[in-house]
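The values are calculated or read from the model by the stated rules, or taken from the named source; none is laboratory data. Every value quoted in this text rests on a predicted model; they were computed, and no experiment measured them. Cβ: placed from backbone, ideal geometry, glycine included. Neighbour counts: every protein chain shown. Please note that ligands, DNA and RNA were not included when accessible areas were found on the heavy atoms of the full protein model with its side chains. Shrake-Rupley method; radii C 1.70, N 1.55, O 1.52, S 1.80 Å.
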Amino acid sequence: MPDEQMATSGGHRPARPLDTIDRAILSMLQADGRASIRSVAERVHVSRANAYARINRLIDDGVIRGFSARIDQERAGQGASAYVTLKIVQNSWRTVRAQLTALPGASHIALVSGDFDVLLLVHTKDNHELRELVLTRIQSIPEVLSTRTLLVFEETDLGAEQG
């Protein structure tokens, strides 16, 4: 595969088009990542071998990036959650991303367009820990020009609501 084609697909070959069975499998695995091959096959009306092959293809194509547990952050001792918006120095995304990824409690990082450059979701034990994370750790990154913190009062995990 040519280098520019690999670069545009994030290092993966282009994913093959998804059919209705693939989409049903994805929906089912989003709702329950622990679903057995047998139950997936029964639900989407294919053989176990077919379901297994499709799931492996979706993994190989990078459509499925992994399996994880959805955590109730508050019950896990992370009672404070916030979205932190960051304005960063132009062309510093990779450097900033590497530093944000290493932060304790960082849950999701996105490069976005609009009034700010980066959207970061963090979970901390309490507001004091959140304050330290934002004011000491994030604002000390040289490429971060400014931050704004949006406290999360309540959240709903849509992945848990589907299926």
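Of all the numbered requirements in (1) open to solvent by less than 20 Å² (accessible area, probe 1.4 Å); (2) in contact (Cβ under 8 Å) with a residue 40 or more places away in the chain; (3) in contact with a Ser or Thr (Cβ under 8 Å, 6 or more places away or on another chain), Val96 misses one, and that requirement is (3).
Residues checked against (1) over 24 Å from Ile138 (Cα atoms); (2) open to solvent by 50 Å² or more (accessible area, probe 1.4 Å):
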| site | (1), (2) |
| --- | --- |
| Arg23 | yes, yes |
| Leu29 | yes, no |
| Asp32 | yes, yes |
| Arg54 | yes, no |
| Val84 | no, no |
| Gly105 | no, no |
| Ser113 | no, yes |
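Restricting attention to the range 35-71 and to residues that are among the polar types (S, T, N, Q) and under 14 Å from Asp22 (Cα atoms), the residue that is nearest to the chain's Cα centre (by Cα) turns out to be Asn56. Applying the criterion of being charged (D, E, K, R) and in contact with a strand residue (DSSP E or B) (Cβ under 7 Å, 6 or more places away or on another chain) to the residues of the range 130-150, the residue that is nearest to Gln73 (Cα to Cα) is Arg148. If you go through the range 104-129 and keep only what is over 15 Å from the mean Cα position of the chain (by Cα) and closer than 21 Å to Arg75 by Cα, you end up with Pro104, Thr124, Lys125, Asp126, Asn127, His128, Glu129. From the list Leu150, Leu120, Leu133, the lone residue that is touching a residue at least 12 places away in the same chain (Cβ under 8 Å), aliphatic (A, V, I, L, M), within 16 Å of Ala82 (Cα to Cα) and open to solvent by 40 Å² or more (accessible area, probe 1.4 Å) is Leu150.
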